[in-house]
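Colleague: To start, I am sharing the structure in question, which I have written as structure tokens.
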Amino acid sequence: MVDFELSEDLSLLQATAREFADKELAPNAGLWDKEEKFPQEAIDKAAEMGFLSVTIPEEYGGTQIGNLGACVLLEEINRGCASTGVTISVHNSLFCSPLVKFGTPEQKQKYLPKMATGEWLGAYCLSEAGAGSDAAGLRCMAKKDGSDWILDGSKMWITTGSKADVFIVFARTGEHRTRGISAFLVEKAYEGCSVGKKEEKLGIRASPTTEILFDNCRVPGENLLGEEGEGFKIALDTLDGGRLGIASQSLGITRACLEASVRYAKEREQFGRPIAKFQAIQWKIADMATELDAARLLTWRAAWQRDKGVPVTKESAMAKLFASRLANRAAREAVQIHGGAGYTREFPVERYMRDARITEIYEGATDIQRLVIARDTLS
Ligand code: CAA
């Protein structure tokens, strides 16, 4: 049976998130971008509305609306502000979700209630200077010391790095390339854990991206997440969900581009008529609208499958691949429709173009998604 209608709960969530994005995010996103200002107030309000707890079970204070719910929410949020969008996405899908799936009851009890209220934000530390697409090439070390672990090394390009209170950190605990990696819950307040350089970025400039450094950082034994040596699988399983967040971010950016283009094309007159009357503009709008629907169907299908417990490695890679490329095409066309005006900061489309660029890079670059899809299809 196939049902293309959202449930009453998800429709309500969609409407609430849309109103929140229209009131709190869209009017401010340009200034936050310009000033590289973390949208703390908006994040606090999002937490009050339950948007930071969508992957957390009720017993820990969450709403646990699942992957499809998270996608519906994230499309709306990202339509207003992609920096706020990635902050919420990483917190929900890259931190809370693996903690719910692989954490002990004690770990969940300790962290999840704080994450649900937004008192604490979470981040995910996988990438390193020498380990981007080749995530298993990571060199950050964790050595046993009694029942504790000592972490040494540095992580790069960590989303929410300077604002997060606790990280899931992947570190090497053995020689084997992929089975010698373990995952740890590391609080920023632990001695030896610090925030390094903050990156100056092309887009999502209100989302702080930093290095996270570990220098003889002592992590209690009970903060090992999952089994020793299971870390790489936890990392990749988590990214199967995270990639749906980035696909949804791409949907939100695409919708913002489409809506801005329609608005402008109806207002802007050239050759004595609104430019929306010209087929050259209409074709662009038609392609954007069609591909947006296709990308949403791919994304929601994968989220629906993941909610059912079905493996979605290929499906989530397909959703991210298609949606992120679309966001870039749509942003380019939106700027083109706006002409010279679109190239200025008077209109948000130049920001959409800069923000869209990262969707083809983080949580697995476009060619990594193609590699994942090709491996599965050829196997
Ligand atoms: N779920 C669970 N386990 C998985 C899995 C998945 N989706 N995919 C693979 N595995 C398992 C494999 O079965 C294998 O298990 P065994 O050791 O038992 O055989 C193990 O993991 C190793 O898998 P591979 O041999 O496929 O590993 P690989 O090194 O060849 O490459 C890769 C895998 C797909 C290239 C992977 O490295 C990858 O996805 N790279 C991209 C990295 C990435 O996405 N980084 C994102 C950084 S986080 C971020 O960007 C957040 C942000 O800022 C917003």
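Colleague: When ARG301 is evaluated against the numbered criteria (1) within 14 Å of the ligand (Cβ to nearest atom); (2) surrounded by 17 or more Cβ atoms within 10 Å (Cβ to Cβ); (3) free of Cβ contacts under 8 Å to residues at least 24 places away in the same chain, which criterion, by number, is the only one it fails?
Modeller: All conditions are met except number (1).
Colleague: LYS143 versus (1) more than 14 Å from CYS193 (Cβ to Cβ); (2) out of contact with any Pro (no Cβ under 9 Å at 6 or more places or on another chain); (3) crowded, with 16+ Cβ neighbours inside 10 Å: which is the lone unmet condition?
Modeller: In the conditions (1) more than 14 Å from CYS193 (Cβ to Cβ); (2) out of contact with any Pro (no Cβ under 9 Å at 6 or more places or on another chain); (3) crowded, with 16+ Cβ neighbours inside 10 Å, LYS143 misses (3) alone.
Colleague: Here's a follow-up. Pick out the one residue from GLU211, GLU227 that is charged (D, E, K, R), part of a strand (DSSP E or B) and within 14 Å of the ligand (Cβ to nearest atom).
Modeller: Exactly one of GLU211, GLU227 is charged (D, E, K, R), part of a strand (DSSP E or B) and within 14 Å of the ligand (Cβ to nearest atom), namely GLU211.
Colleague: Considering (1) under 18 Å from the mean Cα position of the chain (by Cα); (2) in the same structural domain as PHE51 (by TED's automatic domain parsing); (3) not acidic (Asp, Glu), say which one PRO113 fails and leave the rest.
Modeller: That leaves (1) as the condition not met.
Colleague: Can you tell me which residues in the range 102-140 are within 12 Å of the ligand (Cβ to nearest atom) and assigned to a helix (DSSP H, G or I)?
Modeller: PHE102, ALA135, ALA136, GLY137
Colleague: A follow-up question, please. Tell me which helices (runs of 4 or more DSSP H) are completely within the range 1-99 and hold 2 or more residues being touching a strand residue (DSSP E or B) at 6+ places or on another chain (Cβ under 9 Å) and outside the structural domain of TYR362 (by TED's automatic domain parsing), or say none if there are none.
Modeller: Because the criterion is at least 2 residues that are touching a strand residue (DSSP E or B) at 6+ places or on another chain (Cβ under 9 Å) and outside the structural domain of TYR362 (by TED's automatic domain parsing), the helices (runs of 4 or more DSSP H) in the range 1-99 that meet it are 82-89.
Colleague: Here's something else I'd like to know. Among the residues of the range 359-379, count how many are exposed (fewer than 15 other Cβ atoms within 10 Å of the Cβ) and acidic (Asp, Glu).
Modeller: Total satisfying the criteria: 2.
Colleague: Considering only residues of the range 170-183 that are more than 12 Å from LEU94 (Cβ to Cβ) and buried (at least 24 other Cβ atoms within 10 Å of the Cβ), which is nearest to the ligand (Cβ to nearest atom)?
Modeller: Filtering the range 170-183 for residues that are more than 12 Å from LEU94 (Cβ to Cβ) and buried (at least 24 other Cβ atoms within 10 Å of the Cβ), the one nearest to the ligand (Cβ to nearest atom) comes out as ILE181.
The values are calculated or read from the model by the stated rules, or taken from the named source; none is laboratory data. Predicted model, so just to flag it, every value in this text is computed and none were measured. Note that we place each Cβ from the backbone using ideal geometry, even for glycine, and neighbour counts take in every protein chain shown.
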